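Written below as structure tokens is the structure these notes are about.
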Amino acid sequence: MKKIILIYMMISLWGYGYDYPYKDPYLATVLATPPKYMAAFKDTSFKEIRLDLKRGSAPPNLWYLDGFRFGLMAQDHEAPLTFLLAGTGSKYNSYKMLTMSRILYQNGFSVIMLPTSFDYNFIISASETHAPGFLERDSNEIYDIMELALDKVKDKIQYQETYITGYSLGGTVALVLGKIDSQKKHFGFKRIIAVNPTVNLYDSAKILDNMLDDNIKTEEELDQLLQKIIVGIMEYTQENGKMTIDEAAIYSLFKHLNMNEDELKILIGLAFRFVSIDVNYITDVMTKTGAYTDPSKKITKFQNMSEYYSAVNYSNFQNYIERIGFKTYKKLDKTLTMEKMIENSSLKSVEDYLKDAQNIAVVTNEDELILTPDNLEYLKETMAGRIKIYPSGGHCGNMFYKENVNLMIRYLKRGELK
Amino acid sequence: MKKVFILITLIFMGCSNVKVAEKIPNNNNNNNNNNNNNNNIEKITVTENFNLHLNGGNSNIMNAYDPFEPLNRRIYYFNYHFDYWVSLPVSNSYKFFLPQTIRTGVGNFFNNLYEPISAINGVLILDYKTVFTGISRFFINTTVGVVGLFDVATLVKIPEHKVTLNDTLAIYGVKDGPYLILPFLGPSDLRNAGSLLTTFVLRAPLDPLNVYAGSDTLWKDLTIKGVEAVDLRSQVDFQYYSLGTPFEYEYVRLLYLRAMEIRTSNIKEN
């Protein structure tokens, strides 16, 4: 009995004092942090910079994705430099990336904003195989690009120390980059912090795939959900006048829509599925695998895409790996098996480094959606003492919450994780 | 996630058929907590559509009556360039130089000019509420609201109830026709495009404030419409090809058609 009371007290004390508003991980993931709880930052602008990597050009219908692009938010004086890595499918200047960069800039950093391997621009212009998913290979490509990017902006920034920050897949990649740099020693990163990283790409993708596949079976249901959102927006605008898209408006809209947990799961799964559909199509075209497209057929600039949408037919991330990713890697390494590939796309492949390195830290949540219980346990054991786990926040829901940001900045500046 | 909402908002901002109150009973999607404080808010429901399949068969959610698709895609591309080189710089300067209060006033002014048109459409569809709302809003906002710069009518609980010629035609059974991307304006369909054109041609007789003078001063009228367009563009947080997805044209079309479908079916049942 005493034991139970003790455990209960420990749990209560542990959760005490963390006032991030959404205790439900699905709601947290969808709504993130309300503006009034967010860390302060100004609307700093950034420069878009192009790198000609000569690794491939976009097909005519995807002309707008041609040429590798990254962002720079530079201080006008000497300042620590951090590379910021985006999550799956995120552009370097997505809302989350821009907000995180501004927060880092506000705290005195110059920031190089980079996409990671599942960004469409990256798949087309930066990836040699045009088929991301092999964590080590992807990270090596990103490492090379970081070198080129830094060379390109050298005269625009003054810095002494370099850091890496990344969230979601970007967090995972940040840790692998730490390992690569410990061998290549080009940057000598002072500290690396991974926010809500995934442990195993496939485990996480499977969870997200299932959120849609387990909860929706037909396109009618999808259509009904879409219509429910449209109706919600119509009613919302009717009641509140014109709707400007900001965090507060999206929050009120969700309150109005009154979605249940299954619907929230569908919405999260759907956001990920949109990325998977695009990745399936783009990699198929770029690798000429022929899973959904006919490689011999000429693609035009104003290509009708409906038939390809129909051919991709909501294929998920696992479909991409089976039909395109694995086939592509198999051409490079005949001995490769699916098991080996999955193993290589896990943080376990850099376990020794994770255990030893003293300049790395992980921030995640107890209710993180993209980690299995085993994944979370693995992180706790491996990162012992260099991990901060918040009681709530879902996947990246709380990353701009004041307390989270303060901790991240304290860690980057002073190495303190308390 | 945000992309989905931006896209949907685009649909509402990009066409003339915005913000019509649509009434249909038995809507179980609502939590109804808004009905107490505003009886003018009416419910909207989804439409039934059962010819779609996921996974088990071929997807056909993207099927649409779009016979001019090759042309539409080219206009979509043209609109991107027009937007990039003209609309956005102008709209950004507009936002930079004029504070929000003034921009709201500009928006209110143009909305007020539309009230008589709503009222006339109300007469055509025999909906006394629309007529009453249109006339009273126009009267209040033109007088107390200083030629429409302030939306006083909404403050006194007469919210906007915009009904377009497109809605009227839909009620009288005119089909929407093929999907169109209009140069400069974006997603539309034949019926909607015809309605926009007719409303523009009839701008002078439909304008009691005499802002428009008719065909004699076409350029002056077009300039005024241009200001309205700049104001509208400044409120839309969307850029062509910004979603990055290869299926952007299809997603925009799907959302436009669904939004219109919901609107039309709600209006018909009203």
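Computed extension gain for A:K185 through A:S57, at 0.36 nm per residue and net of the alpha carbon distance, reaches 43.0 nm.
How big is the dipole moment of chain A about its Cα centre under a simple scheme where the beta carbon of each Lys and Arg is +1, that of each Asp and Glu is -1, and everything else is neutral? Debye, nearest 20, please. It would help to have the intermediate numbers written out before the result.
On the way: 49 positive and 53 negative charges, 236 e Å.
It comes to approximately 1140 debye.
Within 10 Å of the Cβ of each residue in B:246-254, the mean number of Cβ atoms contributed by other protein chains is 5.
Taking a straight Cα-Cα cut-off under 24 Å and skipping sequence neighbours fewer than 8 places away in the same chain, the lysines within cross-link reach of B:K225 are A:K242, B:K19, B:K95, B:K162. Return the carbon/sulfur percentage of the accessible area of the protein assembly as shown, one whole number, probe 1.4 Å, all protein chains in place. Roughly 57 percent of what the probe reaches on the protein assembly as shown is carbon or sulfur.
Restricting to bridges with both residues inside the protein assembly as shown, how much of the DSSP beta-bridge set is antiparallel, in percent to the nearest 5? Numbers along the way, then the final one.
Numbers: 14 of 37 bridges.
Expressed as a percentage, antiparallel bridges in the protein assembly as shown total about 40.
Within the set A:K47/A:K91; A:K54/A:K184; A:K47/A:K152; A:K228/B:K175; A:K156/A:K402, which residue pairs have Cα atoms separated by over 19 Å? Going by Cα-Cα distance, A:K54/A:K184; A:K228/B:K175; A:K156/A:K402 fall outside the 19 Å limit. The listed residues B:H161, A:H77, B:H81 rank as A:H77, B:H81, B:H161 when sorted by accessible area, largest first, using a 1.4 Å probe. Considering the dipole of the protein assembly as shown built from charges on the beta carbon (Lys and Arg +1, Asp and Glu -1) around the Cα centre, which of A:F317, A:I103, B:T154 is farthest to its positive end? Of the options given, the answer is A:I103.
Proximity of backbone amide H atoms, modeled 1.01 Å from N, is registered between A:G166 and A:L85, A:I193, A:V195 at under 5 Å, excluding neighbours fewer than 5 places apart on the same chain. The mean sequence separation of alpha-carbon pairs under 8 Å and at least six residues apart, normalised by the residue count of chain A, gives a relative contact order of 23 percent.
Summarising the amide proton neighbourhood of B:Y241: residues at separation of 5 or more, or on other chains, whose placed amide H is nearer than 5 Å comprise an empty set. Taking all protein chains into account, the per residue accessible area for the protein assembly as shown stands at 43 Å² (1.4 Å probe). The B:V90 and A:D66 beta-carbon pair, evaluated with R₀ = 22 Å, returns a calculated FRET efficiency of approximately 0.25. A 1.4 Å probe over all protein chains sorts A:D209, A:D52 by accessible area into A:D52, A:D209, starting with the largest.
The heavy atoms of A:M338 offer some 50 square angstrom of accessible surface to a 1.4 angstrom probe. On association of chains A and B, roughly 5600 Å² of accessible area becomes buried (total for both chains; probe 1.4 Å). Rolled with a 1.4 Å probe across the full set of protein chains, the surface gives B:R203 an accessible area near 20 Å². Is there a pair in A:K23/A:K96; A:K154/A:K185; A:K301/A:K334; A:K23/A:K388; A:K36/B:K129 whose C-alpha atoms are over 28 Å apart, and which pairs would that be? Going by Cα-Cα distance, A:K301/A:K334; A:K36/B:K129 fall outside the 28 Å limit.
Ordered from highest to lowest accessible area with the whole protein assembly present and a 1.4 Å probe, B:V144, B:V86, B:V230, A:V176 read as B:V144, B:V86, B:V230, A:V176.
Residues in segment A:150-162 carry Karplus couplings, in order, of 5, 4, 5, 9, 3, 6, 9, 10, 10, 8, 10, 10, 10 Hz; the curve used is 6.51 cos²θ - 1.76 cosθ + 1.60 with θ = phi - 60°, and Gly or Pro positions show x.
Along segment A:67-77 the Karplus relation, 6.51 cos²θ - 1.76 cosθ + 1.60 evaluated at θ = phi - 60°, assigns HN-Hα couplings of x, 6, 10, 9, x, 9, 10, 9, 6, 8, 9 Hz to successive residues, with x for each Gly and Pro.
From the alpha carbon centroid of segment B:212-246 to that of segment A:148-181 is 42 Å.
Rounded to 0.05, the FRET efficiency of the B:V147 and A:Q106 pair, given R0 = 56 Å and the Cβ-Cβ distance, is 0.85. Express the relative contact order of segment B:111-270 as a whole percentage, based on alpha carbon pairs under 8 Å and six or more residues apart in sequence. Relative CO of segment B:111-270 lands at 17 percent.
Here's the picture: charge each Lys and Arg Cβ at +1 and each Asp and Glu Cβ at -1 in the protein assembly as shown, and of A:I268, A:L51, A:V199 the one pushed furthest to the positive end of that dipole is A:L51. Here segment A:394-411 is scanned for amide nitrogen atoms under 15 Å from the site 7 Å beyond the Cα of A:D19 along Cα-to-Cβ, giving A:401-404.
Which residues in segment A:56-82 have a backbone N closer than 11 Å to a point placed 7 Å from the Cα of A:K152 along the Cα-to-Cβ line? Those under the cut-off are A:67-72. Rounded to the nearest 20, the size of the Cβ-charge dipole of segment A:167-282 about its Cα centre is 1040 debye, with Lys and Arg at +1 and Asp and Glu at -1.
Computed from the C-beta positions of A:Q358 and B:F184 and an R0 of 41 Å, the FRET efficiency is 0.10 to the nearest 0.05.
The label-point distance for B:L222 and A:T44, in a model that sets each label 7 Å from Cα toward Cβ, rounds to 4.5 nm.
Shielding by partners for B:233-244, please: the mean number of other protein chain Cβ atoms within 10 Å of each residue's Cβ.
On the way: counts 0, 0, 3, 2, 3, 1, 0, 1, 4, 2, 4, 13.
Mean shielding by partner chains, rounded to a whole number: 3.
The values are calculated or read from the model by the stated rules, or taken from the named source; none is laboratory data. Bear in mind that the values here come from a model prediction, so they are computed numbers and not experimental data. Because the Cβ atoms are built from the backbone with ideal geometry, glycine has one as well, and the counts that use them run over all protein chains shown. Keep in mind that these areas ignore ligands, DNA and RNA; they rest on the heavy atoms of the full protein, side chains included. Shrake-Rupley method; radii C 1.70, N 1.55, O 1.52, S 1.80 Å.
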